[in-house]
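What follows is calculated from the coordinates using simple rules that are stated; it is not laboratory data. Source: prediction; values computed, not measured. A quick note on method: Cβ atoms are made from the backbone with ideal geometry, for glycine too, and the neighbour counts reach across all protein chains shown.
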Amino acid sequence: MNTLLFLIKTSLEDFRRNKIRTLLTSLGILIGISSVVLLMAMGLGLKRYISRQFESMGSNTIFIMPGQMTQTGPQGSFGGIQFDDKDVRTVKRVRHVLYTVPVYIKFSKISGDSDTKTFQIMATTSDFFSVTSIDAETGRLFNKSDEGKGAKVVVLGSKVAEDLFGSASRALGKSVTVEGSGYKIIGVAKSKGGGGSLNVPSVDERAYMPFKSSLSFNPNKKYFAIYVKADSSDTIGSVKTDIQDVLLKRYSSDDFSVAEQTEVLNSINSIFSILNTVLVAIAAISLIVGGVGIMNIMYVSVVERIREIGIRRAIGATKKDILYLFLTEAILLSTLGGILALLLSAVVVFFMQRLFPAYIDTATVALALGASSFVGIVFGVLPAKKAAQLSPIEAIRYE
Amino acid sequence: MIKLHHVTKEYRIGGEVFRALDNATLSIKKGEYVSILGPSGSGKSTLMHIMGLLDLPTQGTVIINGKNISSLTDNELSALRNIFVGFVFQQFNLINKLTNLENIVLPAMYARTPLSYNPRDYAMELLVRFGMKGKEFMTPNKISGGQQQRIAIARALIMNPPLILADEPTGNLDTKNGNAIMELLENLNTSSGVTVVVITHESDIASRTKRKIRITDGKIQT
């Protein structure tokens, strides 16, 4: 223990004497580890963000979507068929189905008082709010009566209200224009958090309207997806297979997917782990470059310290002692780079979070520190071996 | 304590074989104060390296305390160097990034078995004995040559070795400091019974010792 502390102290003293060299060498590792950490933070953040969106749909939920959704990701999803009223009625008749919520989705420009921005329009039924536990922040949500009448009303997500009117209270009672028609804002939904500006909008970045009110821009009365809520977690399995069976009478198995929330989440997880692995593997190349930098400087350090090696050998250090001396230095050098990289990444992620849901977890921190010390070992071992193999007599005579 | 038996050491420089030590036989007993005297290139440093277990002979045997060292592994040789020999060099060979105290204690860092004393306390004691109190936290490059050699001697003593090998210990010092260092070494021999071997090319230095071993062209003159 004492010896290890002494080794570390000696290395740190060396770093202090060669500040610029130490920083430049660590820079290589810093760049490598930062790229790995930032890519992981982005991948992880994105995964959490999307997962949260699906989680916010509530438990016991089944998604009926067009295309195939497999364990490795949606293939050709969101293409192919569109559901209609007949499908909704079929699904509704399945036993243990509590809610059947058809959803039509369109990205469209919404004009407020002065601003116009593109948001997701979700035309659905009032049951959608029950399934997803969305409440009104101010005003009210639309109800069955609005649905029946096809009232030109809209409920804005908190972000939409904020972007177009400044605040929820200011938006209430005003009108927005969507696809050429005016809609009265009857309420603003409570924020569910998890902002971001990606292609996948959060529940706060949507405008909700009764399905019938959207027919002006959805004349064929088509649905993008159907959300189903089973009456309990015990029946969810049978509900899923029953829905599959009834839909197969109309469509082929490739045309649609019926997935539980957990399956969707699993699917998202597997897509992101593949994506992350690929990205991190690419970033790891820069780690190798950083490692070569360490190896280079360690060789220089060995040559500069040949005499010291000789002295240490003369007073009793074994080859292994010399090996550890240099290996400790290489590991410290690269771990220093790793620590600096984590600090830098934390700062970058902090600012990035305004635009992108990046996130650093403890596993990423552990990986960064582990990877940096591993690089130190791998690229430090050859110079350290060279130092250890020096003959004491030649080393001590070295001028 | 040390016996060299028909020891020959050859170096290959380029394609040529250079014989630095030629059939050297000598014996040094415990408690002796010996000098090895010879001009430069005579092989006296090679002799010291072999006696100090820093190098192995090409031919012949080296016996330390009755044990032939040719069968020892590199690790065992390192361990033996650690406890058996204390080196004092012409160039002092201190590590400048360590403090004087750390330099003195350094051999204890490589001790294989726990020491019966605290090396730091012993180092402080040596510093006081050598008149170097107050210099413990300075680095060697901040003190004079004579002071550096005292630190080097303290380092050589920290493991309480039975043998001190001093290679031209006064070579980089003025007469006054040189004398002081020689007195210090003599003192160690007389008061502590440490075997002291001084390698030198100066006959005045050699004449201070109780026994002179002359070496020329790698051969020991008797």
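Some notes on this structure:
- Coil-residue trypsin sites (Lys or Arg not before Pro) of the stretch B:169-222, DSSP, other Cβ within 10 Å capped at 13: B:K210
- Shielding score for B:74-81, defined as the mean number of other chain Cβ atoms within 10 Å: 5
- FRET efficiency estimate (nearest 0.05) - Cβ-Cβ, A:R52 to A:K19, R0 51 angstrom: 0.70
- In a fully extended conformation the segment linking A:K152 and A:I288 would gain 42.9 nm over its present Cα-Cα distance, using 0.36 nm per residue.
- Relative contact order computed over chain B (Cα-Cα under 8 Å; 6+ residues apart), in percent: 32
- Hits among aspartates and glutamates - C-alpha to C-alpha of A:K221 under 15 Å, sequence gap 8 or more where chains match: A:D84, A:D85, A:D87, A:E147
- Its Cα centre serving as origin, chain A has a Cβ charge dipole (Lys and Arg +1, Asp and Glu -1) of approximately 380 debye.
- When the stretch A:175-304 is reduced to its Cα atoms, the Kirkwood hydrodynamic radius in Å: 21.0
- Taking the inverse of the mean 1/r over every pair of distinct Cα atoms in chain B gives a Kirkwood hydrodynamic radius of 17.9 Å.
- GNM remark for chain A: springs join alpha carbons under 10 Å apart, and the peak mean-square fluctuation among A:F351, A:F256, A:F211 falls on A:F351.
- Remark on A:S175: its backbone amide H falls under 5 Å from those of A:I185, a criterion applied only to residues 5 or more positions apart or on other chains, H modelled at 1.01 Å from N.
- Other protein chain Cβ atoms within 10 Å, averaged over every residue that makes up B:57-65: 0
- Radius 15 Å from Cβ of B:R150, net charge of other residues (Lys, Arg +1; Asp, Glu -1): +1
- In the protein assembly as shown, the convex hull through the Cα atoms has an average projected area of 41.2 nm², a quarter of its surface area.
- The stretch B:39-90 versus the stretch A:198-271: alpha-carbon centroid distance in Å: 84
- Stokes-Einstein D in µm²/s, Kirkwood radius over Cα pairs - the stretch A:73-177 at 37 °C with 0.692 mPa s viscosity: 207
- Here is what passes the span test in chain A: the DSSP H helices with alpha carbon length of 30 Å or more along the helix axis and a Kyte-Doolittle mean of 1.0 or above are A:261-304, A:319-352, A:362-389.
- Overall form of the stretch B:105-203 per C-alpha gyration tensor (a/c, 1.5; a/b vs b/c): oblate
- Exposure proxy order (Cβ contacts within 10 Å, fewest to most) of A:Y359, B:Y117: B:Y117, A:Y359
- Per principal axis, descending, Cα span of the stretch A:89-137 in whole Å: 48, 25, 11
- Residue-by-residue Karplus 3J(HN,Hα) for the stretch B:154-168, coefficients 6.51, -1.76, 1.60, Hz, glycine and proline x: 4, 4, 5, 9, 4, 8, 6, x, x, 10, 10, 10, 10, 9, 6
- Net dipole in debye of the stretch A:10-61 [+1 Lys, Arg Cβ; -1 Asp, Glu Cβ; about Cα centre; nearest 20]: 140
- Whole-angstrom Cα spans of the stretch A:255-356 along principal axes, big to small: 78, 29, 19
- For the stretch A:168-300, a simple Cβ point-charge model (Lys and Arg +1, Asp and Glu -1, everything else neutral) yields a dipole of about 780 debye relative to the Cα centre.
- Considered as an equivalent ellipsoid built on the Cα gyration tensor, the stretch A:235-299 has semi-axes of 50, 12, 5 Å, the largest given first.
- Both numbers refer to the Cα atoms of the stretch A:312-399; Rg and Dmax are 19.0, 62 Å.
- Coordinate range of the alpha-carbon atoms in the stretch A:116-222 per principal axis, descending: 32, 27, 26 Å.
- Dividing the C-alpha radius of gyration of the stretch A:336-377 by 2.2 N^0.38 Å, with N its residue count, gives 1.25.
- Model label points for B:N141 and B:R120, set 7 angstrom from Cα along the Cα-to-Cβ axis, are 2.6 nm apart.
- For A:K320, the lysines whose Cα comes closer than 28 Å to its Cα, not counting residues fewer than 8 places off in the same chain, are A:K9, A:K19, A:K385, A:K386, B:K9, B:K67, B:K97.
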